[in-house]
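Read-outs: derived from the displayed coordinates by stated rules, not from any lab. These numbers come from a predicted model, not from an experiment. Methodologically, a virtual Cβ is constructed for each residue, glycine included, from the backbone with ideal geometry; neighbour enumeration extends over all protein chains shown.
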Amino acid sequence: MIPLHHSVEFQHHLWLDALVTARTIVDITCGNGHDTVYLLSHCHKNSHVYAIDIQEVALTRTKEKLLKEIPQAMKQVDLILGSHDSVLETLPVSTIDLMVANLGYLPNADHQIMTQSTSTIKALSKGLEKLSVNGLCTIVAYPGTEAGRKEAEDLEEYIASMNQKEFHCSTWRPLNQANQPPILYIIRRRK
Ligand SMILES: C[S@@+](CC[C@H](N)C(=O)[O-])C[C@H]1O[C@@H](n2cnc3c(N)ncnc32)[C@H](O)[C@@H]1O
């Protein structure tokens, strides 16, 4: 059954569809590694995942999780330290088939280090330039804090302004939950 209570789980079903053909995958906020491990566990053996985070501790946690859960996939992943907006400027790939972003801060770490709309939008626009035809991008935003709400608003404005002829853009969120649940944004390149 497709879960309808949480954006993070709901998006897995979009990923599973995209992962059938996706060969170049970018996780622009790898954090504790849950998403990176999921992507590597479900992608084709010839696919490659680039996992980016601005914090060394996030890369360490992601690496530990990978080694524990899917050590055989280590050759399919590059862990990259840096801010996603600058990393995406120089990422050595010509196309991206699936790009994912789980915004906000790293749980059990410094909550002051969190994604910011300016760099998030810059990173997304760099990545979207390389998104393949029918390629997918998903973004989970957390409007439960003041900073998170601002980022979600800025992001929504940016995504809503994208050219309809080039991208299908939509959003998904639970409507009757307390505490402003995370919002999922979905972008697919049309041509
Ligand atoms: C909610 S966590 C990501 C969760 C992760 N995807 C997972 O599956 O565990 C958000 C992450 O964004 C990272 N982050 C914040 N600003 C960033 C930036 N400018 N570039 C790259 N990563 C950033 C934080 O360090 C944090 O690890």
Those residues of segment 76-103 which are part of a strand (DSSP E or B) and near the ligand (Cβ under 7 Å from one of its atoms) amount to Asn102
Just for segment 110-122: of the residues that are touching a helix residue (DSSP H, G or I) at 6+ places or on another chain (Cβ under 6 Å) and more than 7 Å from the ligand (Cβ to nearest atom), which one is farthest from Tyr50 (Cα to Cα)?
-> Ser117
May I ask you to verify whether Leu106 is under 23 Å from Lys150 (Cβ atoms), touching a helix residue (DSSP H, G or I) at 6+ places or on another chain (Cβ under 9 Å) and within 11 Å of the ligand (Cβ to nearest atom)?
-> yes
Report whether or not Gly33 is within 16 Å of the ligand (Cβ to nearest atom), surrounded by 19 or more Cβ atoms within 10 Å (Cβ to Cβ) and on the phi > 0 side of the Ramachandran plot.
-> yes
Select from segment 114-133 the residues that are surrounded by 14 or more Cβ atoms within 10 Å (Cβ to Cβ) and outside any helix (DSSP H, G or I) and list them in ascending order.
-> Met114, Thr115, Gln116, Lys130, Leu131, Ser132
Only unsatisfied item for Met74, checking (1) closer than 30 Å to Asn176 by Cβ; (2) touching a Leu at 6+ places or on another chain (Cβ under 7 Å); (3) free of Cβ contacts under 8 Å to residues at least 24 places away in the same chain, is (1)
